[in-house]
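In what follows, a structure is listed as structure tokens, so that the remarks can point back to it.
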Amino acid sequence: MTVRYDAEALTVFAATLFAHAGLDAEKARTCAEILVDGDLMGHTTHGLALLGPYLDEALSGKMLPAGEPEIIAEAAASQTWNGRRLPGPWLVVRAAEWATARAKETGIAAVSISHSCHIGCLAAYLHRAASQGSMLVVTCSDPAVASVAPFGGTKRIYTPDPLAAGWPTPDGPVIIDVSMSITTNGMTNRLRGEGRQFETPMLLTADGQPTRDPNAFFTDPPGSLLPLGGVEAGHKGFGLALMIEALTSALGGYGRADAPTGWGASVFVMAIDPARFAGLPAFTRETGWMADAVHSNPPIPGVNKVRLPGERGMKLRAEHLANGVVLHPSIPPALAARAEKAGIAAPVPLA
């Protein structure tokens, strides 16, 4: 029998734990909503699986629980923030709100954020903007962490560097959330903990051999995640990762050249208002045509219907909101342990 949890109850539970860890009410609620949205959309390594690590950051003083980011540069259509180690999900939501509002005047607006804490599942930020007729782009890197080697190399120099974007169509948003590595740190950790291997080679050993074994990532010297495109076309993912490093750490003025430590993020958030270009009706006419062309495309053997990026996640989100969230089996015990430690009740499955 599938075990399900009420999404709002999970959100209240997570927000309560964040408040116990010192976050003010707005930041606690926002962080909880973004994490639960990750699970709602099926991104189970970047939903409530991150609750414990986020709480540890707050309790250790590595996450600032209250306050505002410092604006270190500003122009008509851009701001640059020092995030001051404030909660990453709250910073990104604030940045998306500012950029979306400013884009209504300027067409395009962007916020660069340095010194942010981890920002969770990037896809979780996109449907809000798309539902308001805007296009949102979010990308990030962690300048203190290296897990991917450049194409043709064996030494880690950058992170998976995800890129996410969402925009409206007449029948719902398109949502892409793609890492510039072929897998993620979170999935590598999960498979290692479960004693499983990847289905195909997704890592390189320390001496540059493709492997399915997640343990290769933890050797001394360590292996690395393969760039997006893998052994044959990884130059494409590598090139895109360099662009993301430029958009995040370089634009924000704080990155790998500063030899930072800790777990965090450099972030770039950009909003585009189609109404300030050819107009929203013209925009959705074109995105609707493309959506119809995708859905009517003859599928390959074994595929029932060709889908748009994010279509499954949004369908799963709606189903989870209506019938309850299905969590990865590793998450409820972790939530129960955190509840016991904080002296509050753990989430109870729906009947």
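The values are calculated or read from the model by the stated rules, or taken from the named source; none is laboratory data. Quantities reported herein were computed from a predicted structural model and do not represent experimental measurements. All Cβ positions, glycine included, derive from the backbone under ideal geometry; neighbour counts span all protein chains shown.
For the reader, a short list of remarks on this structure follows.
- Selection from the stretch 272-284 of residues that are without any contact (Cβ under 8 Å) to a residue 24 or more places away in the chain and either within 17 Å of Asp171 (Cβ to Cβ) or assigned to a helix (DSSP H, G or I) (or both): Pro281, Ala282
- Subset of the stretch 325-349 (residues that are exposed (fewer than 13 other Cβ atoms within 10 Å of the Cβ) and either in contact with a strand residue (DSSP E or B) (Cβ under 9 Å, 6 or more places away or on another chain) or within 14 Å of Asp39 (Cβ to Cβ) (or both)): Pro329, Val348
- Among the candidates Ala259, Ala206, Ala216, Ala246, the residue that is modelled with pLDDT of 95 or more and under 26 Å from Trp167 (Cβ atoms) is uniquely Ala246.
- Residues in the stretch 6-25 that are surrounded by fewer than 22 Cβ atoms within 10 Å (Cβ to Cβ) and not in a helix (DSSP H, G or I): Asp6, Ala21, Gly22, Asp24.
- Ser60 fulfils the conditions (1) touching a strand residue (DSSP E or B) at 6+ places or on another chain (Cβ under 8 Å); (2) assigned by TED's automatic domain parsing to the domain that holds Ala336 except for a single criterion, (1).
- Hey, Ala28 outside any strand (DSSP E or B), within 19 Å of the chain's Cα centre (by Cα) and without any contact (Cβ under 8 Å) to a residue 24 or more places away in the chain or not: yes
- Within the stretch 281-292, not a single residue is more than 25 Å from Thr80 (Cβ to Cβ), in the same structural domain as Gln79 (by TED's automatic domain parsing), more than 18 Å from the chain's Cα centre (by Cα) and crowded, with 19+ Cβ neighbours inside 10 Å.
- Some residue of the stretch 84-92 being assigned by TED's automatic domain parsing to the domain that holds Thr248, among the basic types (Lys, Arg) and more than 27 Å from Met314 (Cα to Cα): yes
- Just so you know, in the stretch 116-149 the residues that are within 15 Å of Arg256 (Cα to Cα) and in a loop (DSSP other than H, G, I, E, B) include one that is farthest from the chain's Cα centre (by Cα), and it is Ala149.
- Apart from one condition, Trp90 fits all of (1) crowded, with 17+ Cβ neighbours inside 10 Å; (2) in contact with a helix residue (DSSP H, G or I) (Cβ under 8 Å, 6 or more places away or on another chain); (3) within 25 Å of Ser330 (Cβ to Cβ); the exception is (3).
- Among (1) within 18 Å of Gly255 (Cβ to Cβ); (2) in contact (Cβ under 8 Å) with a residue 40 or more places away in the chain, the one test that Thr159 misses: (2)
- Taken over the stretch 302-318, the criterion of being buried (at least 19 other Cβ atoms within 10 Å of the Cβ) and in a helix (DSSP H, G or I) is satisfied by Glu311, Gly313, Met314, Arg317.
- Test result for Asp142, under 30 Å from Asn323 (Cβ atoms) and crowded, with 17+ Cβ neighbours inside 10 Å: no
- Residues in the stretch 193-230 that are under 24 Å from the mean Cα position of the chain (by Cα) and β-branched (Val, Ile, Thr): Thr200 only.
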